1. Using 15 Å as the cut-off for backbone N distance, which residues of the range 228-248 belong to the label zone defined by a point 7 Å from the Cα of residue 220 along Cα→Cβ?
2. Compute the FRET efficiency between residue 234 and residue 187 as 1/(1 + (r/R0)^6), taking r as their Cβ-Cβ distance and R0 = 35 Å, and round to the nearest 0.05.
3. For the range 81-134, what percent of Cα pairs sit more than 12 Å apart?
4. Could you give me the percent of Cα pairs per 10 Å distance bin for the range 197-286, shortest bin first, beginning at zero and ending with the bin that holds the maximum distance?
5. Give me the Kirkwood hydrodynamic radius of the range 155-240, using the inverse of the mean 1/r over all pairs of distinct Cα atoms, in Å to one decimal.
6. Over 19 Å, how big is the tail of the calculated P(r) for the range 78-178, in percent of all Cα pairs?
7. Would you kindly state how much longer the chain becomes between residue 202 and residue 167 on full extension, computed as 0.36 nm times their sequence separation minus their alpha carbon distance, in nm to one decimal?
8. Given points 7 Å out from each Cα along the Cα-Cβ axis, report the residue 105 to residue 90 separation in nanometres with one decimal.
Amino acid sequence: MKNRNCIILFLLALVILFTFQIAVAKDTLIADTGFRVGKDGFSFENYGSQVCTSNSMWGYGSECFRVVNLTSAEMVRMFGTQVCKSVSADGICTLTKVAEKWMNEINSIVANGHCEGMAVLSSLFYSGLKNPSEYGASSTNKLTLKNNQALQREIAYWFTTQWFMDDYLIENDPRTQVEYLKKQFQKNPNTPLPLGIFQRNLSGGHAITAYAVIDHGNGIYYIMVYDNNYPNQERYITVDTNKNTWSYQTSTNPWQSAGNYSGQGKTNPIQIGPVEPRLGTFRCDFCTQQPASSGWDSWNPWQPSQPSDSDYSIWDILNPWVSPSDSTSPSVRPTATPQPYQPSQPSQPSDRYICSMDRPV
């Protein structure tokens, strides 16, 4: 009797093991860039206007530091010296009033989260278009944010490129998006792609990085993503090609509770935001004056003019934690919405603010 029970348990274990192996075996990696979250994603999480060692709302008892976002250097990098009222002999740009206002309003938005910049820059590092060693480490995951203003400004710069993407975003139904990612990853295996996603009510915009596609079987696919709210964690968007739906759990930024992000058909599609249109300079719709004089030093162009301490108030520090996201107040919208220089394409106003604001209906 005892031997028979042992045999039954053994056979049952074999059945369970066989079933488990079948379940695992049906997950087939069908397109892969080779990007891996623990090496190629940032080790720090998405952040606001300041970073604290505690993840609490107020950061009591924590060591905090304030980050630097756009400066005049990044404005020149985006638009050229036409944004400068003057340029000193040592290459420092003094912005025009309208350019300074535009920059400050972008900085007020990026204070709610840097997800777009982190999603884009991690892709640029992996594809070799940018080098993490220029910011202090041999790999993306080894980079630190504290005392690293160069990296802080770089992330803010790529965050801002979302304002120029309206004509380039790829939006389609989930089934089509999976096929597009499969083809792009197979064609360009070293190029992860930034994605923009929203909750079903079109709020809570967030940006993540897609790097592989897995066939889970029975029409279910996993889009593997690096989510900068969850450093060093493998995560995936579930796509049901039978129902033509997608779903994912995340939030706009890590100090908010996670919620359901989903869509069906072309209702609330996943946005694919390619990197190429973000490279180079952009057309400045708000610029009204001629470029600055020849005092500009082309060999040392990226020196920032730092804002003074008087530019900051206690509200600037507390606001992202008191009201961290989804603001629809006109006061935090940019006064102008520049587009990349494309003469054949009309300049369209931007209506997407990933990582900080609702997406208008």
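Quick note: the coordinates plus some simple rules give every number you see, no bench work behind them. None of these values were measured; they are calculated from a predicted model. Note: ideal-geometry Cβ built from the backbone for every residue, glycine included; neighbour counts use all protein chains shown.
1. 236-248
2. Computed FRET efficiency for residue 234 and residue 187: 0.90.
3. Summing the P(r) of the range 81-134 above 12 Å gives 74 percent of all pairs.
4. Going out from 0 Å in 10 Å bins, the range 197-286 shows 15, 42, 30, 11, 2, 0 percent.
5. 14.1 Å
6. Looking at the range 78-178, the distances longer than 19 Å represent 57 percent of pairs.
7. Here the answer is 10.7 nm.
8. Each label point is offset 7 Å from its Cα along the Cβ direction, giving 3.2 nm.
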